[in-house]
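Quick note: the coordinates plus some simple rules give every number you see, no bench work behind them. Fair warning: this is a prediction, and the values are worked out from it, not measured in the lab. Methodologically, a virtual Cβ is constructed for each residue, glycine included, from the backbone with ideal geometry; neighbour enumeration extends over all protein chains shown.
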Amino acid sequence: MADVDALALSMPQTTKDASGDGRPSYLVHGKLFCCHRSRRRDAIDPQTGERLDDVLMFRVGNLGLKELMLADDRGVFFTTPHFDGYPAVLLRIADLDRLGRDELHDMVVEAWLTRAQKRVAKAWLEEHAESAELAEQPT
């Protein structure tokens, strides 16, 4: 979770809101892009039948991307009927270590881009495209 926190807060104009129970939500311009969900009836542990307490929600760019992520062979991403038709995937905190830091970074960036103001997102993308180009140049 420390990586999620650091990555989310590294994005421009992001704020963190911790609800009364301390579960963080990450917002840009007041719009939610990632959060630690509270226990909900729609997310049940298949082995115990108890409500899951460790579910993260990440916004995604579109429903096609959501379906691609849900088809991932590792089975780390899931959804519930509550999110039918909504561009977001769920992930258990216990499964974070099954993602590489770069993959987690990309998920946070993708989620942030879905909610950031267009001019802010464009400026961030331009800045990071230049950084990537410099990093790829031979020395």
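Quick look at the numbers
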{"quantity": "Debye, to nearest 20: dipole size of the chain, +1 on Lys, Arg Cβ, -1 on Asp, Glu Cβ", "calculated": "720 debye"}
{"quantity": "Formal net charge of residues neighbouring Lys66 (Cβ-Cβ distance under 15 Å; K, R +1; D, E -1)", "calculated": "-4"}
{"quantity": "Extension reserve of the Asp42-Asp72 stretch, reckoned as 0.36 nm per residue once the Cα distance is removed", "calculated": "8.7 nm"}
{"quantity": "Pairwise label distance in nanometres, Gln117 with Arg23, each label 7 Å out on the Cα-Cβ vector", "calculated": "3.0 nm"}
{"quantity": "Sorted by Cβ density within 10 Å, fewest first, the residues Ser19, Ser25", "calculated": "Ser19, Ser25"}
{"quantity": "Nitroxide proxy distance, nm - points 7 Å out along Cα→Cβ at Leu32 and Arg98", "calculated": "2.4 nm"}
{"quantity": "Residues whose placed amide H lies under 5 Å from that of Leu52, excluding near-sequence neighbours", "calculated": "Arg40, Ala43, Ile44, Asp45"}
{"quantity": "Cα-based radius of gyration of the chain once divided by 2.2 N^0.38 Å, which approximates compact folds", "calculated": "1.10"}
{"quantity": "Gaussian network model of the chain, springs between alpha carbon atoms under 10 Å - residue of Glu127, Glu103, Glu67 with greatest fluctuation", "calculated": "Glu127"}
